[in-house]
1. One residue is enough: does the stretch 133-147 have a residue meeting the conditions at pLDDT below 95, more than 15 Å from residue 209 (Cβ to Cβ) and not polar (S, T, N, Q)?
2. Of all residues in the stretch 36-52, how many are farther than 19 Å from residue 177 by Cα and part of a helix (DSSP H, G or I)?
3. Show the residue pairs that are 6+ apart or on different chains and have beta-carbon atoms under 8 Å apart, the first residue being within the stretch 178-201 and at pLDDT below 90, the second being part of a helix (DSSP H, G or I).
4. Show the residue pairs meeting these rules: Cβ distance below 7 Å; 6+ apart or different chains; first residue within the stretch 204-215 and touching a residue at least 40 places away in the same chain (Cβ under 8 Å); second residue charged (D, E, K, R).
5. Residue 60 - would you say it is surrounded by fewer than 24 Cβ atoms within 10 Å (Cβ to Cβ), at pLDDT below 95, part of a helix (DSSP H, G or I) and of a type in the set (Ser, Thr, Tyr)?
6. Regarding residue 80, is this residue touching a residue at least 40 places away in the same chain (Cβ under 8 Å), out of contact with any Pro (no Cβ under 6 Å at 6 or more places or on another chain) and among the polar types (S, T, N, Q)?
7. Against the condition among the aliphatic types (A, V, I, L, M), more than 17 Å from the chain's Cα centre (by Cα) and surrounded by 24 or more Cβ atoms within 10 Å (Cβ to Cβ), how does residue 175 come out, does it pass?
8. Looking at (1) farther than 22 Å from residue 137 by Cβ; (2) touching a Ser or Thr at 6+ places or on another chain (Cβ under 8 Å), find the lone condition where residue 93 falls short.
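The values are calculated or read from the model by the stated rules, or taken from the named source; none is laboratory data. Note that this is a predicted model, so its numbers are computed, not measured. Cβ atoms come from the backbone with ideal geometry, glycine included; neighbour counts cover every protein chain shown.
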Amino acid sequence: MIAVTGTSRSLHRLAKAISLRPNFPHRVAMLAGWVACAGFMAVMVWNYSDPVYVAGHVDYFVLFMACGLAGLVVTLLVTSWLGADWHRNGVVAGNSAAIVVCLGAMIGWSIIYAGANYGAGPTVETTLAPAIAAGIWLALTWMIIDAMLSFSLSDAVALDRDLASGLRLAGCLIASSIILGRACAGDWWSWENTWSDFFGYGWPIVVVFFATGVMQLWWGPTVRVPVRDRARFGLMPAAVLVLIAIVYVSCLPPPELGKHIVTWEQYTGEKE
């Protein structure tokens, strides 16, 4: 219900005014983000999720896609609560920084959810629990870093409409999600192993957010310098964060696939 209601409402609000002149690029960007994120999750769930119960099975595919789309809806709600409202600040008010942050958060959730679906798992919760935990960790870290700054990332995006700050925050969200997506990936074979990998591989997101906070202190909007070059102080730092995350993940051992397959019967203790 969350997936159907939230997705249809969001797309309706976009489509209703997609042809209106004001802020047309912002509407198109959000619509493209929805389509791209949904498509990416669909490809991952259909091809790389549990090979026995989910991959290639329409019923479970629909179930897991509904969960993924519900996650996108919740992601935008949380992002709005943290200060970057995609509709009020972004589409209606024409705040490009808010749109960029929302797109970064959507891409981030898609990567996390794809990672959580990558590999075998005996039940729905073995996929959803790590994905939800990753989303909560991401949001909490964002909140903590914001609270530590005298003028937060969210304020720079929502109040100053600083595109460079929005690009850095979006890059931070995507980079952190790449790390968390890897931390969620692989076959499920025990909760102990799941959370060991999750925290053992996912902790560098704290460093990513800390670095983003430091950059905000250096390059955030001030009275003397209200606007900075979006490419040099926004796009480039964001790209560096994402590149560092990719390098870090590539240095980790590949996710275990096919070594410890746990069936539903084994997980629940029932006889096959």
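1. No, the stretch 133-147 contains no residue that is at pLDDT below 95, more than 15 Å from residue 209 (Cβ to Cβ) and not polar (S, T, N, Q).
2. Going residue by residue through the stretch 36-52, those that are farther than 19 Å from residue 177 by Cα are 46-47, 50-52.
Add one more test, that the residue is part of a helix (DSSP H, G or I), and what stays is 46-47.
Qualifying residue count, the stretch 36-52: 2.
3. 186/197; 188/126; 188/127; 188/194
4. Cβ pairs passing all conditions: 212/168; 215/168.
5. Numbers: surrounded by fewer than 24 Cβ atoms within 10 Å (Cβ to Cβ): yes; at pLDDT below 95: yes; part of a helix (DSSP H, G or I): yes; of a type in the set (Ser, Thr, Tyr): yes.
The answer is yes for residue 60.
6. Working: touching a residue at least 40 places away in the same chain (Cβ under 8 Å): no; out of contact with any Pro (no Cβ under 6 Å at 6 or more places or on another chain): yes; among the polar types (S, T, N, Q): yes.
When the stated conditions are applied, residue 80 does not pass them.
7. Working: among the aliphatic types (A, V, I, L, M): yes; more than 17 Å from the chain's Cα centre (by Cα): no; surrounded by 24 or more Cβ atoms within 10 Å (Cβ to Cβ): yes.
Criteria not met by residue 175.
8. Failing condition for residue 93: (2).
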